[in-house]
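Have a look at the structure below, then the notes.
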Amino acid sequence: MNKPSSLPLILSLLLAAAGCGSTEPVETETPAPAQEVLRGSRYCEILLGDADLGAGTVTIDVYNTQGLNECPAAAWGAVDEAEVKAMTRADVVVLNGPRHWMIDSFEGSKVLDPEVRTLSGIEMRKTGTLTLALAEASGEAKPYQTRTVRRDTTWGYDAGKPVHELVDPEGAVYDMQSYSVQEVQQEEASLAKLGETLTLPAGWTFRTRVLDEELEVTAVDGLAVVVQDDFGNTYQRSQQ
């Protein structure tokens, strides 16, 4: 079955930026309840896509290492996409990560399927399933393009901790929920100077500040508005 050539890239960008929704409001970026320290913790995802050209849709199951392991570099580097494809019979396999959380706590996240599955040597759990129109999945994905996602989450940021924020031309604030090291090597300490290297659209600004009090960033009425920057770092619109 022939698939659009851009599908793996677009799925990766779309899901990393937006998270994943199904009949249950879940998302790809789902911290496990047992995690004691979220900020800075590392995780990876493997996206398994099955396209139905007759229906014009693609269904993606999202597997995440969060709460099981921190996606060891050697193991992640050895993941064989062809092996995963043969094992799962997926039409499309996309590696998303490594990524690191920039939140300190959460409410409302859940694992879709708690059963542990080993994919190419890495233990993972299914954290979401998403069905998209092929036209949407194969469309062009751009940095700073906002997307609205179904999920019931509240990200918590502790007082005294730094937050990294994008501000759009209308003054809406987006707080970084995770940063990516998939394409560009970044560290938590280097994020404060991120604004010097981002290619921001006209009217957008980047800032870093230390919180005087706890900040909560909530999906309003089950909807979160998210955006990514040039380097794949993910932000959610705040109620500030």
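Summary of computed values
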| read-out | value |
| --- | --- |
| Condition check for LYS142: free of Cβ contacts under 8 Å to residues at least 40 places away in the same chain, assigned to a helix (DSSP H, G or I), of a type outside the set (Ser, Thr, Tyr) and surrounded by fewer than 19 Cβ atoms within 10 Å (Cβ to Cβ) | no |
| Complete set of residues in the stretch 167-206 that are over 21 Å from the mean Cα position of the chain (by Cα) and among the charged types (D, E, K, R) | GLU170, LYS193, GLU196 |
| Out of VAL84, VAL94, VAL62, sole residue that is touching a helix residue (DSSP H, G or I) at 6+ places or on another chain (Cβ under 6 Å) and of a type outside the set (Gly, Ala, Ser) | VAL94 |
| Tally, over the stretch 213-224, of residues that are farther than 14 Å from GLN240 by Cα and either modelled with pLDDT of 95 or more or hydroxyl-bearing (Ser, Thr, Tyr) (or both) | 0 |
| Residue list for the stretch 187-211, restricted to those being assigned to a loop (DSSP other than H, G, I, E, B) and touching a residue at least 60 places away in the same chain (Cβ under 8 Å) | TRP204 |
| Candidate set: the stretch 35-61, residues that are over 15 Å from the mean Cα position of the chain (by Cα) and closer than 22 Å to ALA189 by Cα; chosen: the one surrounded by the fewest Cβ atoms within 10 Å (Cβ to Cβ) | GLU36 |
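The values are calculated or read from the model by the stated rules, or taken from the named source; none is laboratory data. Since this is a predicted model, take the numbers as computed values, not measurements. FYI the Cβ positions are ideal-geometry reconstructions off the backbone, even for glycines, and counts take in every protein chain you see.
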